[in-house]
Amino acid sequence: MSTFGRTDERAPKGIPIEALAEKYEELGSFGQVATHYGIKQEGVSRRLRAYWAKQLGEKNKDEDIPNFQPGAGRIIKSVSKQLDADGKAKAYSVREAAVDEEENFTHPLDKIKRVSTLRGADGRISAQWTITTEQEGLQREAFDQIIEGFQESIPRIVAQPRVGSKSLSTSLHNNYVLSDAHIGSLAWAPESGADWDLAIAEEMLVKAMAAMIDQSALADSCTVALLGDWMHYDKFEAVTTLSGNILDGDGRQPKMNKVAIRVARNVINQALQKHSKVEVLVAEGNHDIIAANWLRELFIIAYENEPRVQVIDDPRPYYATLKGDTFHGWHHGHLKGASNPKSAKDLLGLFADEFRELWGQAKKVYINTGHFHFATESEERGGRVLQHPTLTTRDSWASRRGYGSIREARASTYHLKYGLTGTVNISPEMLAEL
């Protein structure tokens, strides 16, 4: 039987605790009880919570209060009671904590600070909240791996010989889009149609960038767009940050961080070998909401002394730049996309509102999205929304639901005055022959 600790028999200013509890049943709030007796609300609240916790943990003395035992390794810290209009208990909020403050009683990676459970009058759980903090050692290890990833030397891609004129056109701009790379994902060919892991992702993404550069126009400037979901997950466990969906992951998260940084640096350096000016976009995706932000900040610092590199710095999940008369908008697509005309129309309206000044200067408007892993295009009044495909193979989750798409990476050339002039598509089959 659990105990909550000592509970004095008398309340503030000598008022019996039973009297306080009875008055609470009558009035329904700590504040009204405190006003009635002319005492502080804090004292009333503290004593009644302790009183209820003792009752709940030791013996059921009130027919409206169900028996309750804290979870293994936990003790009751506090209990609050909600009453209905008739003054009867309708729910109890029970806060538990670890018996030992240093004990981690549920999770191998996160330390539990407390657990709050909302129970109905019948004792059944209706909601529960677990408050955790990542263990300091794991946080330090992950950060060290990130820094080490930046310090590593990366394999240099031999510059491809240029075909035709040696001069770069100052009227052209190339977009190299690597959307939904899902670095850290694990896929098995018999189930998903093709294998995917950290090694395959690194090799294919690096080759794809080289092929896109080789086959694209000789433009003076370019954008290297990591268009969201560059990394497969944010947490130490292979689960999505928001929904908690279980994912298939290749290796530990610090290892994934190193590969993600190394590949990103590689593709940026390839762009620098070909173009005079390189713009870098690290877009937030639904799989890497946290990682995209720290990766962007790292690149801002890493290239701050390189005048030829400009990293788009915007904390919103929407990004835009103006190249001549052409507006380039970017969004991963998890909030709004091009998958249907209505979504495209909403997205164009959002960019017109968020980037009024740039939008007003543009004669051509293109919004780039990803997320759905397949290519589509939608044109509404105001501009065109281009949804980009991905080189990544589908994972087990997508395979079991019958989702599939043509795997590609896409580079596009834009004239600063006339807009889109050409597109290059790169497939895994093409890369296998390189």
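Values for this structure:
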| item | result |
| --- | --- |
| Any hit, the range 194-206, residues being at positive phi and touching a strand residue (DSSP E or B) at 6+ places or on another chain (Cβ under 8 Å) | no |
| Considering residues of the range 416-434 that are aliphatic (A, V, I, L, M) and open to solvent by less than 20 Å² (accessible area, probe 1.4 Å) only, the residue nearest to Gly382 (Cα to Cα) | Ile426 |
| Positions within the range 399-415 being of a type in the set (A, V, I, L, M, F, W, C) and open to solvent by 50 Å² or more (accessible area, probe 1.4 Å), in sequence order | Ile406 |
| Residue match in the range 7-23 (condition: modelled with pLDDT of 85 or more, in contact with a strand residue (DSSP E or B) (Cβ under 8 Å, 6 or more places away or on another chain), open to solvent by 30 Å² or more (accessible area, probe 1.4 Å) and not in a helix (DSSP H, G or I)) | yes |
| Complete set of residues in the range 383-420 that are of a type in the set (A, V, I, L, M), closer than 30 Å to Asn245 by Cα and assigned to a loop (DSSP other than H, G, I, E, B) | Leu391, Ile406 |
| Residue check, Lys255 open to solvent by 10 Å² or more (accessible area, probe 1.4 Å) and either over 26 Å from Ala187 (Cα atoms) or small (Gly, Ala, Ser) (or both) | no |
| Qualifying residues in the range 282-326 (those that are touching a Lys or Arg at 6+ places or on another chain (Cβ under 6 Å) and not in a loop (DSSP other than H, G, I, E, B)) - the one nearest to Lys235 (Cα to Cα) | Val282 |
| All positions within the range 256-282 that are without any contact (Cβ under 8 Å) to a residue 60 or more places away in the chain and more than 18 Å from Ala210 (Cβ to Cβ) | Lys277, Glu279, Leu281, Val282 |
| Residue among Lys336, Lys345 that alone is in contact (Cβ under 8 Å) with a residue 12 or more places away in the chain, in a loop (DSSP other than H, G, I, E, B) and open to solvent by 40 Å² or more (accessible area, probe 1.4 Å) | Lys336 |
| Given (1) touching a Cys at 6+ places or on another chain (Cβ under 6 Å); (2) within 28 Å of Trp196 (Cα to Cα), number of the condition His287 does not satisfy | (1) |
| Pick from the range 24-37, criterion open to solvent by 30 Å² or more (accessible area, probe 1.4 Å) and among the small types (Gly, Ala, Ser), ranking: modelled with the lowest pLDDT | Gly28 |
| The range 163-182, residues that are at pLDDT below 95 and of a type in the set (A, V, I, L, M) | Val163, Leu168 |
| Residue match in the range 352-373 (condition: under 26 Å from the mean Cα position of the chain (by Cα), open to solvent by 70 Å² or more (accessible area, probe 1.4 Å), at pLDDT 85 or above and closer than 30 Å to Ala432 by Cα) | yes |
| In the range 33-51, the residues that are more than 13 Å from Pro16 (Cβ to Cβ) and among the charged types (D, E, K, R) | Lys40, Glu42, Arg46, Arg49 |
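Conditions tested, residue by residue: (1) farther than 24 Å from Asn269 by Cβ; (2) open to solvent by less than 50 Å² (accessible area, probe 1.4 Å); (3) modelled with pLDDT of 90 or more; (4) not aromatic (Phe, Trp, Tyr).
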site	(1), (2), (3), (4)
Leu295	no, yes, yes, yes
Leu298	no, yes, no, yes
Ile301	no, no, no, yes
Gln310	no, no, yes, yes
Thr321	no, yes, yes, yes
Asn340	yes, no, no, yes
Leu350	yes, yes, yes, yes
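The values are calculated or read from the model by the stated rules, or taken from the named source; none is laboratory data. All values derive from a computational prediction rather than experimental measurement. All Cβ positions, even for glycine, are placed from backbone atoms using ideal geometry, and neighbour counts span all protein chains on display. Side chains included, ligands, DNA and RNA excluded: accessible areas come from the protein's heavy atoms. Shrake-Rupley method; radii C 1.70, N 1.55, O 1.52, S 1.80 Å.
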